[in-house]
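Trainee: Have a look at the structure that comes next, please.
Bear in mind these aren't lab numbers, they're just calculated from the coordinates by the rules spelled out. In this text, all values refer to a predicted model and were calculated from it rather than measured experimentally. Every residue, glycine as well, gets a Cβ built from its backbone with ideal geometry; the counts of neighbours run over all protein chains shown.
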Amino acid sequence: MRILSILFFCSLSFFTEAQLEVELNAWIDIEQSIGQTNSHYYYNEIHKDFKTLRLGIHNANFLTKVTFKESFKLNARLSQVRYKGKKLNTLHWPLLNLQYSPEGKSFAISLGRFITPFGYFNTQQHSKKRTFINLPLAHSYYNKISAKTGFLNFDMDHIVLDGKEDWGTTLLYYGGYSNGILTNWQFNDEKIKLSAAITNGSASLLSDLTDFSDLGFIARLKFQPKYFWEQAFSINYGTFSQASKEVTEVSSEDVTVSNFILGTDAVLGFGHWEFVLELMYGSYLAPTQTSVFDGQSTPSEDNFNLFSGYLNIKYELPAVSGLYLAYGLDVLHFFSETTINGDTQIWGKNVLRQNIGIGYKVNEFLLLRTNFMTQSVKDKAAWEQNTFRTTLTAHF
Amino acid sequence: MKSKCLVLLCSVLSFTAFSQNVISGKISLPKSKLGFIKKGTAYQSDDIKSSEKLRIDEDNRTENNIYISFHPQSFKPVLQASENVQMTQRAKTFYPNVVAITKGSTVYFVNEDEHYHNVYSLSPKARFNIGRRPTGNVYGQKINKSGIIKLGCDIHPEMGAVIISLDTPYFTKADAEGNYNMKDLPNGVYEIQIYHPSIQKYKETIDLTKGVAIEKNISLKPKV
């Protein structure tokens, strides 16, 4: 990564002013948060050790867009985020791609690591574009589907493999990035936009730049039926797998999960109101615990389906410019009864989340947001996973 | 002899009070070694720009939107509201992206795109949010105070514009080559100001008491 950074900055010196334009942006989120007795990073983004009031840097980001000779662009984000809700991790490049977008043409091609073109929320990468501090459940709540071993079993929250805890995966990778090749198209005076990507894995997969063991296809079609209404449909199909020493020791079969997600999202705006609705249907074909037949353990697979959706309502107070109030309803619903080793059960516990938020743009460089989230999960007291978070976003 | 002196004094005073000055010259924009580095719109803008958007971006370039204003220091000017000041929103761009007005004027925002836009300002001199507006909607926003008012669109964060609200009626826009010509300036002491978001603010005091035409060339510095 260090070599990449040095190469990037050295390459700039080969261009003259007429050939080169460098755009810079940065932002930092300073957050004060408090969780409840059952708070856990994998369920409500609050680390189990940080249930009391805590102030700290949540993430710091440096962005650049370098335009070479008008048609070629290098997009990069250098970032440091709170890893698993605890300590800041090392600097990394969540976004790094080379883009070809000829002037006056209606298409662009990107190669590298780009924003996953699935759904609405992924397009809201900058903190200041997000109404709430919490990520939607589809991006933050860990399902029992592990990339290392498949389905985790009904009575397990997580599994320890290779000495590390594996809590499964979120329906969509929380970081919102994919690796591969992306094409964007615009038609009909920007009223229709199409994005399609071939990636090295499903949109659920947390992968680095160099992992090409999986394959995925992600596409999104956005159109505008009326001036106040944007509607989009997204599709994802791909696999995700990660080598686990312990699993490969007991089985010669590769652990591969295939993942299909279909989604739609709509943005409606009237006066000082904004409504965002996003719905997703997700389906996994995942290895389960081995079944015993004739005294031999044989691997088997099963389908695991779920639905996720949220509705966010935002109202900007006309009398106080920069101030907004917001309400969000977010659900995760597990269905399809699954029969494994004679047990028939629903494979996850439904989650209902409600968010109330207030945001205030102090000036063009500062955004202050506060967010109370209440989350109820079947068989758990509603208040146990509530969170209260306040974030100051400084940006330029 | 006494009456002759009185006539002479009156004529001198009237010449001084009512004589008008003309000031013209050329404004030179800064050339910086780091001119290719600027605050960007990463994560904020579409990667694909329509030909309409490219044309507007060209018109909105810094050299096409330089205003020079003359602020009387020795007398209080009579202010009249600027008329028919319009800022359109077209191809997800404010066009023009800089306008100058006298304080108390109304700026009309026109949405010419086929999707909604809003206009908001967080500037202390004029904080407002006009909400989402449909295609063809015209909304007038009165600006009561003088100062720099930065505008944005909540829906399209890459959009930005500036209203320069002035406490003087004496201002003009330079042409694309940087030439300006300000006529009918009454005698007095003025502070010359030039503001543009991309350059360092320029201020200089000048004494115009002879009713003459003078030439003043100005070289601007890059914004640090």
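Trainee: Using the Cα centre of chain A as the reference point, and only Cβ charges (+1 on K/R, -1 on D/E), how large is the resulting charge dipole? Debye, rounded to the nearest 20.
Mentor: Values: 34 positive and 37 negative charges, 265 e Å.
For chain A, the charge dipole is close to 1280 debye.
Trainee: Among the listed pairs A:73/B:49; A:128/A:226; A:86/A:164; B:26/B:201, give every one whose C-alpha distance is greater than 21 Å. Walk me through the numbers before you get to the answer.
Mentor: Working: A:73/B:49 13 Å; A:128/A:226 26 Å; A:86/A:164 16 Å; B:26/B:201 16 Å.
Violating the 21 Å limit, Cα to Cα: A:128/A:226.
Trainee: Follow-up question, since we're still on this one. Using Cα springs under 10 Å in a Gaussian network model of chain A, which residue among A:256, A:90, A:64 shows the largest mean-square fluctuation?
Mentor: Among A:256, A:90, A:64, the largest GNM mean-square fluctuation belongs to A:90.
Trainee: List the pairs from A:87/B:39; A:314/A:378; B:39/B:221; A:84/A:193; A:51/A:144; B:39/B:103 whose alpha-carbon separation is above 26 Å, in the order I gave them. If you can, show how the numbers build up before the last one.
Mentor: Details: A:87/B:39 30 Å; A:314/A:378 28 Å; B:39/B:221 17 Å; A:84/A:193 34 Å; A:51/A:144 24 Å; B:39/B:103 29 Å.
In this structure, A:87/B:39; A:314/A:378; A:84/A:193; B:39/B:103 exceed 26 Å between Cα atoms.
Trainee: Here's a follow-up. Ranked highest first by average number of other Cβ atoms within 10 Å, how do A:194-203, B:136-145, B:49-58 line up? Before the final figure, lay out each step's value.
Mentor: Numbers: A:194-203: 23.1, B:136-145: 14.3, B:49-58: 15.8.
Ranked by mean Cβ neighbours within 10 Å, highest first: A:194-203, B:49-58, B:136-145.
Trainee: I've got another one for you. If you count, for each residue, the other Cβ atoms within 10 Å and average over each peptide, how do A:97-107, A:73-83 line up from highest to lowest? Before the final figure, lay out each step's value.
Mentor: Values: A:97-107: 16.1, A:73-83: 19.0.
Result, highest mean first: A:73-83, A:97-107.
Trainee: Which of A:381, A:319, A:138 ends up with the largest GNM mean-square fluctuation for chain A, with Cα atoms connected below 10 Å?
Mentor: Comparing A:381, A:319, A:138 in the GNM, the peak value goes to A:319.
Trainee: Using a Gaussian network model on chain A with a 10 Å cutoff between Cα atoms, which of A:315, A:141, A:174 fluctuates the most?
Mentor: Ranking A:315, A:141, A:174 by mean-square fluctuation puts A:315 first.
Trainee: How much net charge surrounds residue A:117 when only other residues with a Cβ under 11 Å from its Cβ are counted (Lys, Arg +1; Asp, Glu -1)?
Mentor: On the way: positive: A:193, A:220, A:222; negative: none.
My count for the surroundings of residue A:117 gives +3.
Trainee: Order these peptides, A:162-169, B:20-27, by their mean beta-carbon neighbour count within 10 angstrom, highest first. Don't skip to the answer; put the middle values down first.
Mentor: Working: A:162-169: 15.5, B:20-27: 17.6.
Final packing ranking: B:20-27, A:162-169.
Trainee: For residue A:205, what charge total do you get from the other residues with a beta carbon under 9 Å from its beta carbon, if Lys and Arg give +1 and Asp and Glu give -1?
Mentor: Working: positive: none; negative: A:211, A:214.
Once positives and negatives cancel, what remains is -2.
Trainee: Counting Lys +1, Arg +1, Asp -1, Glu -1, what net charge surrounds residue A:372 among other residues with beta carbon under 13 Å of its beta carbon?
Mentor: Net charge in that neighbourhood comes out at +3.
Trainee: In deg cm²/dmol, rounded to 500, what helix-only [θ] at 222 nm does the protein assembly as shown give when every DSSP H run of at least 4 residues adds -39500 (n - 2.57) and the total is split over its residues? Each step should come with its number before you reach the end.
Mentor: Values: 6 runs with 51 residues, N = 620.
Result for the protein assembly as shown: -2500 deg cm²/dmol, rounded to the nearest 500.
Trainee: Using alpha carbon centroids, what distance separates the stretch B:107-134 and the stretch A:36-74, in Å?
Mentor: Here the two parts' Cα centres lie 31 Å apart.
Trainee: Here is a follow-up. Please average, across the residues of B:126-137, the number of beta carbons from any other chain that are within 10 Å of each residue's own beta carbon, and give a whole number.
Mentor: 5
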